[in-house]
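The values are calculated or read from the model by the stated rules, or taken from the named source; none is laboratory data. It should be emphasised that the depicted structure is a prediction, and the values quoted were computed from it without experimental measurement. As a convention, Cβ positions derive from the backbone with ideal geometry for all residues, glycine included, and neighbour counts pool all protein chains shown. Side chains are part of the model used for accessible areas, which takes the heavy atoms of the whole protein and leaves out ligands, DNA and RNA. Shrake-Rupley method; radii C 1.70, N 1.55, O 1.52, S 1.80 Å.
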Amino acid sequence: VYERYQQQDKSSEFSLVIVGAGPNGTYALERLAAELTAEPPDNPLAIHVFEKSGHFGAGWVHSPSQPKSSMLNRIVGQITFACDETNTKARHLLDKQYRPTFFEWCQNKYKLGGDEFFNMQAEDWPPRYIHGLALIDQFRTYCDLLNKIPGVSVHLYDSEVVGVELVAGRYQITSAKKSIPRIFGDHLLFVTGHSTNQPSAGSYVEKITQFAKQSDFYYAPFAYPLKHYVKPEYTDKDHVVGCVGLGLTAIDVFLYLTEGRGGKFLLNDDGRTYTYQASGNEPKKIVGISQSGLFTSARPFNAKEQDLEKYEHKGIYLTPSSVDQIRRNLGIPTVGRDAKAIKQIDFEKHLFPIVYLEMAVIHYKVLFGEDFAKQLSETLSVPFQTYLLGELDVYQSLADGVNYFVTHLNELVKKVFVIVEQFVSGTPVRKIQQLNEALNVNALLSCYFETLLGIEQADEISRILLSNLPTEISQWSASLVSPLGHEIDVKQHYFSWEKLITPIPCHAYKGSKDYPRMLLEYMEYDQLQASQGNLLNPSKAACDGVWRDLRQVFALAADFGGFTAQSHKVFITRYMRYHNRLANGACIEVMEKMTALIRAKILDVSVGPMPNIEESIEDGKIWLVGTETEHKVKVDSLIDARLHELNVRLDRMPLYKQLYNKGLIKAWVYPSAKDNEYIPGGIELTKDFHPIDQSGFINRKLTFLGPASEGVMFFQVGAARPYQNHHVLNDIIDWSEEFLTQMAATNQCMILESV
Ligand SMILES: Cc1cc2nc3c(=O)[nH]c(=O)nc-3n(C[C@H](O)[C@H](O)[C@H](O)COP(=O)(O)OP(=O)(O)OC[C@H]3O[C@@H](n4cnc5c(N)ncnc54)[C@H](O)[C@@H]3O)c2cc1C
C-alpha cells in the first residue's frame, strides 16, 4: 500500500496526518466521513493515520488484546463514536446505520453472533477491551466510507511518529519504522492520548529508579500495558508486590494479579459481596499504598441515565454566572497571555465555599425533599448574592467562606433536625406540624426515613407518620437499622466535606493495627451508599451532582490560568485527587472485589495514609512505611500504578521532545501575579487547541485534542457521550470544520495558481 501510494502523482493533493488512532482519532475520521460524504472535496485528500500500538480505533488504552479484567469506568449507555442530532454544530450526520451508540453496537453484535458477552444493557459496566472491539469496528467503517469518496484515500501506518519538521511549508513526518516512507502533511492532528514522563529531578520516582538500577529490585514506573510492566517473574507467588496508588490503574493491576492469574470471585448468598478463591498463582502478597490510604470510592448506580435532561444536576450556586461575578469582584489582577489584563481567583478562598454550598444543598434536598430545598434556597438567596459582591470579610480563608454558608444553611437545617428528634422521641407529626407552620413536616420526615431505610419501606413509613401513639412512634424509631448503612441519629447527617475526604480520622487508628479493619468497614459502608444510587443517596448525589455534572463550571473557572498560580497548584494536586476519589471511581462490583481481596488477605492495605517509600540497602528491597499507622512492609518489587500528566519537557515520547526542541510547541507558563515562574507541564494552546509556537505564532495547521491538550484546559480526558451535545464531539467538529476550510482555501489557491 505504501509503495502504491508513493507512486501516485500527489501534486494537487492535500495531506492530513493524524497521529494516534484511539477514540479521538476515530471520532475525527467519523467527522470527515460525514462531511466529505455529503460534500466531496474538489481536490484529492490523503489522510495518513499513525498508531504505534497497531490497534487502529482502539489505541493502547482500549486495546482488545489487554486483560479482560480491566474495566471501563463508564456505563455502556454513556458511550458513542459519532455525532448525533444533539451535536447541532455538525453540518452533516452519517446515515444512522453507520453511527450506532456503544449500546446499539453491543446489541447488534449479540443479535448477529448470539455471544452472551455482548448482551450488555445500558447501565452495565463493560470491560475496556469490548469498547476497543467496537472502536475498531467503527474506525474501519469510517475508513471504508472515506475510501469510497472520489479523491479521498486513507493510509494506515502501525508505527510511532518520532519527528515532525517544517520543510518548504509542509510538515515532514518521520516515523520509527524505516520501511515507511517520509510522509508530508499540510495539516496535523495530534490525538496522542496519555503518555509517560521521565522522573522529575529530586522525585521519589527518580530515587527508586536509581536504586533499582543499582540493585536487583524491580520497579515499574508505569503500569500499562499490564502484560509488559507487571512481569510474571517479579510478581509471582514468591514475591511481595508493592503498588503505588489505590485508584483505577491500581485496581487494574490488582485484578490482573488475581483474577488474571486464575483466581475467582465467588458471589456470596447476599447476591452482592464476593469471596475470593485463590488460584495459587497470585503474588505472595500485594501491598497497596496511596497518599490518602483510601481506595477510590464506589461509583453509585447511575439513576440519572433514565432521563439525563431531567436528572443531571444544573448548578444553583456554582454556575458560570457566579464564577464571572466572583472573578469580577474578587479576582486578583494579573497579566495574562499577550499582555492582556486578566483576573484570577483563589480556588479555595473564593470558589470552594460555593462548591461546598452546592454540595450541601443537594445533600439536604435528597435527605429532606424538594419542598425543603425550595425553602432552603429562599433562605440562602440574599446571603449568596451578598457573597458574590465580594464585600464581606470571609474571603481570607476557606474556613471563613464555608462557615459563612454553614451559618445560613443551619438556620433552617437545625430546625428540621429538631423536628426529626421530636418525632423520634414519640411526638406525633400532627403536633410537630402545629409548631412549624412554614414546613411540610410529613413530607420531610417521609423523605428522611425513606432515605435511611430505602423506598421499599415507604408504606410502613407513611403508616407510622400517621400514628398518634407516642409509644408506637418511639418504639418504631428505636428499632430502626438502616440497610444502607446510614446512621439513624439525625445529628450525624449534617453535610460534612471533612467526613467525605477523611472518612477515617487519623486519631482513630494512629499507631495501632486497626487501620485495615477500619478501611474495610468504610469500604463496605461506601459500597452500600453507592447501591442507593446517585439520586437517592445524599452524599453520592452531592459528589456526583457537583464534581461530575458541573465539571464544565470547574473548567470555566480554571482554564487558561483562571486561578492564581498558587491555588492552581492546590487545585491540581489536592482537589483533582478528591475529584477522582469522590466522583470518578470504579463501579460497585469492582469495589466489592477489592474488599474481597482485602478480606482474603491477598491485598494488604495496612500501611495506611501518608506512606514513605524507603530503600532497604542491605537486601536491595523497598520498605513501604505508614507514617500514621507506624506499620511497615517490605516488598520485592514495586509497580507505580498512576497515570502521568502531560509534561512536554519530561515526556518520554521522542515526538514531544522533538516538537519542543524544534520550537513548534512550548510549555505553558502559568500567568502569575508574582515573579515566581510556574510551568504546570501542558502545551501552550489556544482555545481552539492550536499551539502557540516559541516565536509566539499561533499555528493553525497543528491541532492537539484529548489528553494531549490537558493543562491549559481541564477535563479533556474521556470518551464521547451520546445524545448530550457532548463537548468531546463538539471539539472534534470545530477541528474538522477548520480543517475543511483550510483545505478548501488551499485548493482555491491551487486553482488560482494554475490559472
Ligand atoms: C488506563 C486508562 C483507562 C481509561 N479508562 C477510561 C474510561 O473508563 N472511561 C473514559 O471515559 N475514559 C477513560 N480513560 C481516559 C482516556 O483518555 C479516554 O478514554 C480516551 O482513551 C482518550 O482518547 P485519545 O484517542 O485521545 O487517547 P488514547 O486512547 O490514549 O489514544 C491515543 C493513541 O495515540 C497513540 N500514539 C501516541 N503517540 C503516538 C505517536 N507518536 N505515534 C503514533 N501513535 C501514537 C497511542 O498509541 C494511543 O493508542 C482512560 C485512560 C487510561 C489511560
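When the solvent-accessible surface of protein heavy atoms is calculated with a 1.4 angstrom probe, in what order do Asp734, Asp459, Asp216 fall, highest first?
Result of the area sort, largest leading: Asp216, Asp459, Asp734.
Placing unit charges on the Cβ atoms only, positive for Lys and Arg and negative for Asp and Glu, gives the range 424-475 a dipole magnitude near 240 debye about its Cα centre. Accessible surface of Lys666, taken over heavy atoms with a 1.4 Å probe and every protein chain present, rounds to 60 Å².
Computed with a 1.4 Å probe over protein heavy atoms only, the accessible surface of the range 110-157 comes to 46 Å² per residue.
Considering all different alpha carbon pairs of the range 568-642, the Kirkwood hydrodynamic radius works out to 14.7 Å. For the range 262-365, what log10 I(q)/I(0) values come out of the Debye formula at q = 0.13, 0.17, 0.18, 0.20 1/Å, with one point per alpha carbon and no solvent? Once normalised to I(0) and log-transformed, intensities are -0.84, -1.01, -1.06, -1.15. Take Thr192: with every protein chain present and a 1.4 Å probe, its accessible area is about 30 Å². In the chain, helical runs assigned H by DSSP with n ≥ 4 each contribute -39500 (n - 2.57); averaged across all residues and rounded to the nearest 500, the mean residue ellipticity at 222 nm is -12000 deg cm²/dmol.
In the chain, a dipole from Cβ-located charges (positive for Lys and Arg, negative for Asp and Glu) runs towards its positive end, and of Gln214, Asn410, Ile464 it is Gln214 whose Cα lies farthest in that direction. Give the shape of the range 31-89 as rounded, prolate or oblate, defined through the alpha-carbon gyration tensor: a ≥ b ≥ c are the square roots of its eigenvalues, a/c under 1.5 means rounded, and otherwise the shape is prolate if a/b is larger than b/c and oblate if not. Oblate. In the range 378-523, with Lys and Arg counted as +1 and Asp and Glu as -1 at Cβ, which of these residues, Leu445, Ala508, Pro428, has the Cα nearest the positive end of the dipole, that is, farthest along it? Positive-end residue among those listed: Ala508.
Take Tyr234: with every protein chain present and a 1.4 Å probe, its accessible area is about 70 Å². Its residues counted as N, the range 510-571 yields a C-alpha radius of gyration over 2.2 N^0.38 Å of 1.62. Probing with 1.4 Å while keeping every protein chain in the model, the per residue accessible area of the range 631-670 equals 41 Å².
Here the range 646-735 is treated as an ellipsoid with the same Cα gyration tensor; its semi-axes, largest first and in whole Å, are 24, 15, 13. Once you divide the Cα radius of gyration of the range 490-627 by 2.2 N^0.38 Å, the number left is 1.26. The alpha-carbon positions of the range 599-755 define a convex hull whose volume is 253 Å³ per residue. The range 436-556 gives an Rg/Rh value of 1.04, both radii derived from C-alpha positions and Rh following Kirkwood.
Put a dot 7 Å past the Cα of Glu233, heading toward its Cβ, do the same for Ala38, and the two dots end up 5.6 nm apart. Amide H contacts of Gly163 (H built 1.01 Å from N, in plane; Pro and chain starts excluded): Thr174 sit under 5 Å, all sequence-distant by 5 or more or on other chains. Measuring max minus min along each principal axis, the C-alpha atoms of the range 544-591 give extents of 40, 19, 12 Å (largest first). If a/c stays under 1.5 just call it rounded; otherwise compare a/b with b/c (prolate if a/b is bigger, oblate if not). Do that for the range 119-161, with a ≥ b ≥ c from the square roots of the Cα gyration tensor eigenvalues. Oblate shape, in that a/c is at least 1.5 and b/c is the bigger or equal ratio. By the rule of a C-alpha distance below 30 Å, with chain neighbours fewer than 8 residues away ignored, the lysines paired with Lys414 are Lys304, Lys310, Lys314, Lys349, Lys365, Lys374, Lys431, Lys491, Lys499, Lys540. With N as its number of residues, the chain has a Cα radius of gyration that, divided by 2.2 N^0.38 Å, comes to 1.03.
Would you mind classifying the range 384-487 by shape? Square roots of the alpha carbon gyration tensor eigenvalues, ordered a ≥ b ≥ c; an a/c under 1.5 is rounded, otherwise it is prolate if a/b is larger than b/c and oblate if not. In terms of gyration-tensor shape, prolate. For the chain, the antiparallel share of DSSP beta bridges with both residues in that region comes to about 45%. Taking the protein heavy atoms of the range 518-615 in the context of the full set of protein chains, the accessible area attributed to carbon and sulfur is 53 percent at 1.4 Å.
For the range 257-404, the residue among Leu388, Asn329, Ser279 whose Cα projects farthest onto the positive side of the dipole built from Cβ charges is Ser279. Hydrophobic long helices, here whole DSSP H runs in the chain with Kyte-Doolittle means of at least 0.5 and Cα atoms spread over 20 Å or more along the helix axis, are found at 352-368, 398-424.
Extension gain for the segment Asn442 to Val481, taken as residue separation times 0.36 nm less the Cα-Cα distance, is 12.0 nm to one decimal.
How much accessible area per residue does the range 252-335 have, counting only protein heavy atoms and a probe of 1.4 Å, in square angstrom? Each step should come with its number before you reach the end.
Numbers: 3860 Å² over 84 residues.
Accessible area per residue, the range 252-335: 46 Å².
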